[in-house]
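Undergrad: Attaching a single structure in structure tokens format; questions to follow.
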Amino acid sequence: NMQIATSKRTVTVERVTREDQDCLDLDGADYLAVVTGQTFNFQGEMFEFTQSKHRPDYFSFFTVARREI
């Protein structure tokens, strides 16, 4: 039973890469919103890494953080 100690999310805006152009329907977008996530256990080991890329015309960011006491 793994317990989450820390979860980090970073949102950046980055120029599209050649790989982005090849893999995504960019519809002329030069920049993408990039959301990177890292999740760590209590031993400090990262056990999850995620990265998603979003066209600016479809992107919005909303977050809620809650800690059980």
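Read the figures in this text as sums done on the coordinates, not as results from a lab. Small disclaimer: the values here were computed from a predicted structure and weren't measured. Counting neighbours? That spans all protein chains shown, and the Cβs are built from the backbone with ideal geometry, glycine included.
Undergrad: Which of the GluC sites (Glu not before Pro) found in the range 33-69 are in a DSSP loop and have at most 12 neighbouring Cβ atoms, other than their own, within 10 Å?
TA: The qualifying sites are GLU45, GLU68.
Undergrad: Could you give me the ³J(HN,Hα) list for the range 14-26, computed from phi with Karplus coefficients 6.51, -1.76, 1.60 and θ = phi - 60°, whole Hz, x at Gly and Pro?
TA: So the J values, rounded to whole Hz, are 10, 5, 5, 9, 4, 4, 4, 4, 6, 9, 10, 7, 7.
Undergrad: The chain: which chymotrypsin sites (Phe, Trp or Tyr not before Pro) are DSSP loop and have at most 11 other beta-carbon atoms within 10 angstrom?
TA: Loop-located and lightly packed - PHE42, TYR58, PHE61, PHE62.
Undergrad: Same structure again: Scan the range 26-69 for trypsin sites (Lys or Arg not before Pro) in coil per DSSP, keeping those whose Cβ has at most 16 other Cβ atoms within 10 Å, and list them by number.
TA: Those satisfying the criteria are ARG66, ARG67.
Undergrad: When the chain is fully extended, how far beyond the present Cα-Cα distance does ILE69 get from THR36, taking 0.36 nm per residue of separation? Before the final figure, lay out each step's value.
TA: Details: separation 33, 0.36 × 33 = 11.88 nm, distance 2.72 nm.
Taking 0.36 nm per residue and subtracting the Cα distance, the gain is 9.2 nm.
Undergrad: Between GLN43 and GLN21, how high is the FRET efficiency from 1/(1 + (r/R0)^6) when r is the Cβ-Cβ distance and R₀ = 35 Å? Nearest 0.05. Please report the intermediate quantities before stating the final value.
TA: On the way: r = 39 Å, r/R0 = 1.13.
E(calc), rounded to 0.05, equals 0.35.
Undergrad: Taking only C-alpha pairs under 8 Å that are 6+ residues apart, what is the relative contact order of the chain in percent?
TA: 32
Undergrad: Rounded to whole Hz and in sequence order, give me ³J(HN,Hα) for the range 34-50 from the Karplus expression 6.51 cos²θ - 1.76 cosθ + 1.60, θ = phi - 60°, writing x for Gly and Pro.
TA: Values, residue by residue: 10, 10, 10, x, 9, 10, 10, 8, 6, 8, x, 8, 6, 10, 8, 9, 10 Hz.
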